[in-house]
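Below is one structure, written out as C-alpha cells, with a few remarks after it.
What follows draws every value from the coordinates through simple rules; no lab data is involved. Predicted, not measured: the structure shown is a model, and the values here were computed from it. Please note: Cβ atoms are built from the backbone with ideal geometry, for glycine as well, and neighbour counts cover all protein chains shown.
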Amino acid sequence: NCLCCITVKMSVGFIGAGQLAHALVKGFTAAGVIATHRITASSPDTDLPTVIGLRKMGAYFTTSNKETVNKSDVLFLAVKPHIIPFVLDEIGPDIEDRHLIVSCAAGVTISSIEKKLLQYRPAPKVIRCMTNTPVVVREGATVYATGTHAEVEDGKLLEQLMASVGYCTEVEEDLIDAVTGLSGSGPAYAFLAVDALADGGVKMGLPRRLAVRLGAQALLGAAKMLLESEQHPGQLKDNVASPGGATIHALHVMESGGFRSLLINAVEASCIRTRELQHLADQEKISPAAIKKTTLDKVLQQPGVTAAGVGVRTGLNLFNSSTSKHKKN
Amino acid sequence: MQLACLTAELAYQDAWCIHEVQRLAETQALLDRDWSKPFTLLQETSTDNVNTINKRDLSKIYSAPALRKTIFQVNMSVGFIGAGQLAHALVKGFTAAGMIATHRITASSPNTDLPTVIGLRKMGAYFTTSNKETVNKSDVLFLAVKPHIIPFVLDEIGPDIEDRHLIVSCAAGVTISSIEKKLLQYRPAPKVIRCMTNTPVVVREGATVYATGTHAEVEDGKLLEQLMASVGYCTEVEEDLIDAVTGLSGSGPAYAFLAVDALADGGVKMGLPRRLAVRLGAQALLGAAKMLLESEQHPGQLKDNVASPGGATIHALHVMESGGFRSLLINAVEASCIRTRELQHLADQEKISPAAIKKTTLDKVLQQPGGTAAGVGVRTGLNLFNSSTSKHKKN
C-alpha cells in the first residue's frame with residue numbers, strides 16, 4: 001500500500017516557507033499522509049507569518065536550505081520563480097540520487113531546472129507541478145509533468161501526495177501555463193466574486209456575515225454539483241433558470257455586461273503573464289536588484305554556501321551558464 | 001423507553017441500521033406515544049429495563065444526531081406538492097443524508113411527463129397525481145410548485161389540512177401572510193413556514209433560510225432546520241430578507257455555472273482540453289469557497305494572499321476589475337431580488353388569468369377525487385389571494 005510507504009519512509013522538505021509551503025503542510029498533515037516530524041521547511045527569512053504557522057503544525061523550520069535537502073527525500077521548491085536559480089545553485093551540490101525535486105514555481109520549465117542541476121548530478125529527478133492554495137482545506141487542483149530522469153513511480157508518488165489534498169492529474173508540460181491561468185489563479189477570481197456577491201446581498205438588505213456565508217455556500221454547492229454531474233454547465237444553468245423567474249433576469253444583466261468575456265480575459269491574462277515570466281527567466285540576466293541584500297547575506301551565512309556558489313555576479317545569465325563552477329559529485 | 005434501549009443495544013452491537021431500528025420501533029406501544037416534541041426525550045431517562053444502560057450512556061445517545069434522525073424517521077412523513085426540480089433535489093438530498101426513509105416520502109403532480117418524476121420513483125418515493133393524497137399521507141408538506149400555482153394548490157388542499165400539518169412554502173416571492181390568509185379559510189391556526197433554498201441540496205451543499213409563520217411553533221422551525229441542515233447550510237432569518245437571499249444564494253448557483261462555463265472557455269482558448277478545463281474550473285471554485293467558509297479572514301484578504309507581486313494572478317485581477325466584474329455580480333443579485341419582489345407584487349395584486357394555466361393540467365386537477373371547479377377558484381377575474389368570501393365550510 002503506497003500511502004503507507006509515504007507515511008513510513010518518506011521525508012518531505014520545502015525550500016521556502018511562505019503561503020504555498022504552509023498550505024501544503026497544513027493539507028498533508030490534515031490528510032494524515034505525512035507525519036509532521038518528517039517535514040522540514042526552510043527560508044532565510046524568519047519573519048514570515050507563515051513560519052509561525054509551520055512551527056505550530058509541528059514541522060521543523062530552519063534557515064538552512066542545505067539542512068532541508070539533507071533531511072528530505074521529496075523536495076518541494078516553494079519559492080518565487082525568480083528565486084529558483086539561486087536556490088538550485090545553493091542546494092545543487094547536496095542533491096543525491098534519492099531526491100525527487102518538485103518545482104511549484106509558475107512558469108519555470110523542467111528543462112531549465114534540469115539544465116542547472118545537471119551541473120551537479122548526471123540524472124536529476126525533476127517534476128514540475130502547478131497547484132493552488134485550496135490544498136490548505138484539501139480541495140486543491142494540481143497538475144504535474146515528469147522530467148527526463150523522473151520515473152513513472154516518482155510521478156505516481158507525487159500524485160498520491162497531491163491527491164490527498166485535492167484533485168491531481170498528470171498533463172503535458174506545455175499545458176501547465178494554461179492551468180496556472182485557470183486553477184492556479186482561479187481561487188482569486190472566486191474570492192473577488194464572493195466579495196461582490198456579498199456586496200449585492202448587503203445592498204438588498206442582508207447583514208454582511210450572512211451575505212458572505214450565503215455567497216460562498218452557493219458557489220461551493222454549485223461547484224460540487226458540477227463535479228458530481230455528467231451534465232454540461234449550461235444544462236445545469238438552464239435547470240436553475242425557471243421561465244420568467246428571478247434567475248433568468250439576473251443572468252441577462254450578467255450577459256449584458258460581458259461577464260463570460262471577463263473570465264476568459266482573466267484566464268488568458270494570467271496564462272500570458274506566466275509565459276512572460278518564464279521568458280524573462282530563460283533569457284534575461286538576474287539583476288542583483290531582484291534580491292534584498294539582507295536576504296542574500298543570510299543565505300551566504302549558511303554553512304557551506306559561497307558567493308560564487310549562488311552565482312552572485314552582475315550580469316550573470318543564471319540559466320544558461322555552461323561553465324561548470326563545481327566539480328561533479 | 002423501548003426506543004432508547006433498542007437504540008443503545010444496536011449501537012453497542014455496532015449494528016446501526018436506521019431501517020432496523022425503525023422496524024423495531026414501529027410497535028403499537030411506540031405508535032401510541034406523543035412524539036410531537038422529540039427533544040423532550042432528553043429529560044426522560046429510565047434504567048428499569050433488562051438492558052442495564054446507565055443515565056450517562058443514555059444522555060450521550062440522546063444527544064447523538066443519529067438518534068434525532070431516528071426519531072424523525074420513526075414518526076415523520078414528508079410530502080411534496082410538485083414533482084419538479086426542487087422536489088427531486090430535496091428528496092435526493094434527504095435520502096442521501098439518511099434523514100427520511102423513502103417509503104415515508106410522497107410527491108404529487110398532475111403532470112406525469114416530467115423527467116424528474118422518473119427520478120423520484122427511482123429513489124423510492126411514492127408518486128401520485130393526487131395532491132390530496134400527498135396531504136393525507138404527510139406531516140411536513142413542502143409546496144414545491146411555481147409561485148403562480150400556489151393559490152390553486154392552497155385552494156385544492158385547504159380542506160384536507162389538519163392540525164398536524166406543517167406547510168413549508170419554497171416558492172420565491174410568496175409571503176407567509178398571503179398563504180396564511182388563504183389557509184385561514186379552512187383552519188383556525190395553519191402552521192406555515194416560508195423557506196428559500198437552492199438546487200445544491202441535491203449534493204447536500206445547499207443554502208437555506210426560513211421564516212416561521214404566525215401559528216408555527218419554535219419546534220416546527222427547529223424541525224425544518226434539522227431537515228434542511230442535513231442537506232447544507234440552514235439558518236432562520238426575518239421574512240423581509242428572503243427576497244434578497246433569493247437573489248444571492250437562490251440564483252447563485254446559476255452565476256457559478258455561467259462562471260465555470262466561461263473559465264473553461266478561457267482554459268480551452270489557452271490550450272486545455274475541455275473536460276480538464278471544466279474540471280479545473282469547478283475545482284478551483286469549490287476549493288476557494290471552502291477556504292472562505294472555513295476561514296475567519298475577509299475575502300479580500302484571501303485574494304491578497306493569492307496575488308503575489310508582479311505575478312500572473314494580479315494581472316488577471318486587473319482585467320477583471322477593468323471590465324467591472326464586481327459590478328456585474330452586484331447587478332445580478334439586485335436584478336434577481338427585484339424580480340422576486342415583482343412576482344410577489346403580481347401575485348398579491350393581480351387576478352390569476354386563465355391564460356396562466358394549461359387547460360389539460362386544470363382538467364387533470366379537476367379529475368382528482370374531491371376536486372371541484374369552484375374549489376380551485378377557476379373563475380375569470382378571481383382575485384385568488386384576496387378573496388374574503390368563505391367558499392368552504394371550516395373544518
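Qualifying GluC sites (Glu not before Pro) in the stretch A:145-181, where qualification requires a DSSP coil assignment and no more than 12 other C-beta atoms within 10 Å, comprise A:151, A:172.
Here the residues A:271, A:129, ranked from fewest to most Cβ neighbours within 10 Å of their Cβ, fall in the order A:129, A:271. With a Förster radius of 60 Å, plug the Cβ-Cβ distance of residue A:73 and residue B:346 into 1/(1 + (r/R0)^6) and report the FRET value to the nearest 0.05. Result of the calculation: an efficiency of 0.35. Annotation for the stretch A:1-107: trypsin sites (Lys or Arg not before Pro) lying in DSSP loop with at most 16 further Cβ atoms inside 10 Å of their Cβ are A:98. Each peptide in A:135-141, A:202-208 receives the mean, over its residues, of other Cβ atoms within 10 Å, and ordering these scores from highest gives A:135-141, A:202-208.
Shielding of peptide A:77-90 by partners, expressed as the average count of other chain Cβ atoms within 10 Å per residue Cβ, is 1. The mean count of C-beta atoms from other chains within 10 Å of the C-beta of residues in B:156-162, rounded to a whole number, is 0. Shown for A:195, A:297: other C-beta atoms within 10 Å of each C-beta, ranked fewest to most, produce the order A:297, A:195.
Counting 0.36 nm for each residue step from residue A:97 to residue A:9 and taking away their Cα separation leaves a gain of 30.1 nm. Projecting label points 7 angstrom from Cα along Cα→Cβ for residue A:238 and residue A:170 puts them 3.8 nm apart. Each of the peptides A:144-150, B:283-289 was scored by the mean count of other Cβ atoms within 10 Å over its residues; in descending order, highest first, they stand as B:283-289, A:144-150. Between residue A:252 and residue A:229, full extension at 0.36 nm per residue minus the direct alpha carbon distance yields a gain of 5.8 nm. Considering only beta bridges that DSSP places wholly inside the stretch B:140-298, some 25 percent are antiparallel. Annotation: the antiparallel percentage among DSSP beta bridges lying fully within the stretch A:9-171 is about 15. Taking other Cβ atoms within 10 Å as a rough exposure proxy, B:322, A:229 sort from fewest to most as B:322, A:229.
Partner shielding of B:273-279 amounts to 4, given as the average count of beta-carbon atoms from other chains within 10 Å of each residue beta-carbon. What does the charge count near residue B:196 come to, summing +1 for each Lys or Arg and -1 for each Asp or Glu among other residues with Cβ under 11 Å from its Cβ? Within the 11 Å Cβ shell, the charges total -1.
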